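Worksheet: one structure, shown below.
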Amino acid sequence: MPRKIKTASRTLSNTGPHGQFIGQMPGKRRSAISEGVRAHLAGGAPDLGEDGLDLQFDSIAAMKAGAWLKWRKDVGPVVFEPREHNFNAIDDLPALRCIPDFGITLLPTGQLGVVESKYSPDSLDPEEEARLKLEQRHFERIGFSWELVFRSKLEESGFIDTVMLLGMYEELVFPERRIKGALALLTPHPQTDLPGWRMRARQAGIPIGLLYQLLYRQQLPLTYRRLLPIELRPWLA
């Protein structure tokens with residue numbers, strides 16, 4: 001089915017000779033960034049609105065990179081392909097025009113940065129690798145942070161698939177006393193994997209949705225491993 005999604009810099013479409021994997025997910029919620037940090041960022045970062053900007057993607061690599069950035073505690077606002085940058089030639093750096101995959105704001109400093117997402121180191125040909133190194137030097141020269149993230153690395157040990165599963169429960173709302181009660185019961189336990197935490201939650205009478213939210217928010221130590229198919233349906237696991 002033909003679909004179009006508007007980003008900050010262009011319109012994504014899944015039509016064409018080869019089609020394209022596109023979509024969007026809820027962005028980082030405003031509530032995930034403290035009032036003090038938001039005041040510090042005022043005027044230097046995109047407005048998240050009441051519920052956060054939607055985060056678009058145009059590939060599986062970009063989708064997983066976006067989910068990783070949204071999960072990170074040291075990253076505030078995240079925008080997919082925020083704008084085109086035109087760098088003039090300077091010193092030994094040739095001119096460059098680029099649209100980075102993501103624009104980010106680092107916490108708590110408010111430093112602006114960009115993130116590029118690719119499949120794996122082996123997927124880069126020499127020309128693309130050289131262009132990315134040139135891009136990194138241009139951005140770092142003007143004070144931006146610059147990161148290159150690989151989908152293959154995020155998928156190791158089931159890390160990003162687990163993060164994306166847990167992230168589906170971020171929007172659930174629980175009474176504050178219920179959250180504090182769950183943490184009081186669970187925090188004395190040592191780090192373990194997802195089945196281990198589910199078993200503890202059931203024994204303590206804690207809903208799986210609340211457990212997954214606490215794990216996503218990194219309030220409990222989790223050992224990552226590849227997910228079993230049944231774990232994608234936690235009400236059965």
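Miscellaneous remarks
- Treating r as the C-beta distance of THR223 and GLU171 and R0 as 25 Å, the FRET efficiency rounds to 0.50.
- In order along the range 81-86, phi translates into HN-Hα couplings of 6, x, 5, 7, 10, 10 Hz, rounded to whole numbers, per the Karplus curve 6.51 cos²θ - 1.76 cosθ + 1.60 with θ = phi - 60° and x for Gly and Pro.
- Theoretical gain in end-to-end length, ARG141 to ILE179 [0.36 nm per residue, Cα-Cα removed]: 9.3 nm
- Ignoring aspartates and glutamates fewer than eight residues from LYS180 along the same chain, the ones with Cα atoms less than 20 angstrom from its Cα are GLU170, GLU171.
- Ascending count of other beta-carbon atoms within 10 Å, so fewest first, for ASP92, ASP54: ASP92, ASP54
- Ranked by the mean number of other Cβ atoms within 10 Å of their residues, highest first, the peptides 78-84, 122-128 fall in the order 78-84, 122-128.
- Here r is the Cβ-Cβ distance between SER123 and ASP193 and R0 is 22 Å; the resulting FRET efficiency, rounded to 0.05, is 0.15.
- Counting only residues at least eight positions apart within a chain, or on another chain, the lysines with an alpha carbon under 30 Å from that of LYS118 are LYS4, LYS6, LYS28, LYS64, LYS70, LYS73, LYS133, LYS153.
- Efficiency of FRET from Cβ geometry, SER157 and LYS133, R₀ 45 Å, rounded to 0.05: 0.95
Rule-based calculations on the coordinates, nothing more; no lab input. These numbers were taken from a predicted model, which means no experiment stands behind them. Here Cβ is always computed from backbone atoms with ideal geometry, including for glycine, and neighbour counts include all displayed protein chains.
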